[in-house]
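Structure, as structure tokens:
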Amino acid sequence: MKLRARFPRLQLLFLLGLSAALIAESRLRADTVVTSDGQKREMKVLGVSGANLQVQIGSGTLGLPLATVKEVQMLQPPEVVQAQNALVSKQYDKALPLIKSLADKYQGIPVDWARQVSGMLGDLYIRTGDLSKAETAYKDFQRLYPNGGSAQADVGMARIAISKKDFATAKAKLQPIAEAALKDKNVSSVDGYTYSNAFAALGEVEEHDGNLPAALEDYLRTVTLFYHDPSAVSLAQEKADALKAQKITVP
């Protein structure tokens with residue numbers, strides 16, 4: 001399989017520009033909440049409080065049990081893009097409070113960007129070396145998103161294993177996700193984010209095992225195929241460039 005870089009920085013600029021446009025659009029319309037009985041209601045989503053989704057209807061506020069909320073249609077707040085920018089530039093001290101604040105306010109809402117924020121919190125704790133908090137964050141992620149957070153949380157737990165030099169455990173968690181990614185013909189934004197991180201992490205495992213061509217291939221899969229997480233793309237590109245400088249090629 002031949003893979004080559006496709007201007008990931010341009011992809012990043014496009015994705016961030018698109019996010020900014022969507023954020024501007026969100027100011028022009030109300031959020032939509034779909035409940036488990038199939039009803040759709042337009043209202044302003046304020047965040048999560050305990051087990052309730054806090055919403056504003058007219059001049060009043062109401063708490064809807066999250067267990068009764070099937071889907072929320074709302075666009076991401078600008079802090080998500082700000083946190084992504086900070087991650088790409090490795091400004092973890094700036095990204096962490098942004099993501100923590102977003103997670104505290106929106107974690108548990110069934111919308112793609114909130115799921116990603118929930119997973120990013122664990123990722124950031126790994127980047128800052130706080131493995132205990134990272135593990136707690138991933139477990140919270142699995143609890144809050146039982147139908148859509150398992151794979152992303154598994155990638156996070158694999159990263160914790162890598163940090164502990166337990167590469168066998170990491171590989172066992174990552175390989176099924178990587179295999180599923182290569183078979184996925186309709187990648188969603190949530191799955192794409194997971195796959196992006198999975199291949200970047202699997203590249204680290206292969207590099208440790210001395211299989212440098214496979215490591216390069218995994219890094220380039222993040223860069224060229226699953227570039228949904230700009231931070232993972234940036235790190236994978238750095239590692240791919242280092243391997244190519246050693247004259248390593250894709251098998």
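The values are calculated or read from the model by the stated rules, or taken from the named source; none is laboratory data. If you're wondering where the values come from, they're calculated on a predicted model, not measured in any experiment. Note: ideal-geometry Cβ built from the backbone for every residue, glycine included; neighbour counts use all protein chains shown. Note: accessible area is taken over every heavy atom of the protein model, side chains too, but ligands, DNA and RNA are not part of it. Shrake-Rupley method; radii C 1.70, N 1.55, O 1.52, S 1.80 Å.
Listed values, structure above:
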| quantity | calculated |
| --- | --- |
| Within the chain, helix-based [θ] at 222 nm, where runs of 4 or more DSSP H residues each add -39,500 (n - 2.57), nearest 500 | -20500 deg cm²/dmol |
| Exposed-site-free run, longest, the chain (rule: trypsin sites (Lys or Arg not before Pro); DSSP loop; at most 15 other C-beta within 10 Å) | 91-163 |
| Lysine pairs in the stretch 114-224 with Cα atoms under 24 Å, if 8 or more residues apart or on separate chains | 14 |
| Heavy-atom accessible area order for ILE109, ILE248, largest first, 1.4 Å probe | ILE248, ILE109 |
| Rounded to the nearest 10 Å², the accessible area of ASP184 at probe 1.4 Å | 40 |
| Calculated FRET efficiency for the pair LYS94/ASP209, C-beta based, R₀ 30 Å, to 0.05 | 0.30 |
| Difference of contour (0.36 nm per residue) and Cα-Cα distance, ASP104 to SER188 | 27.8 nm |
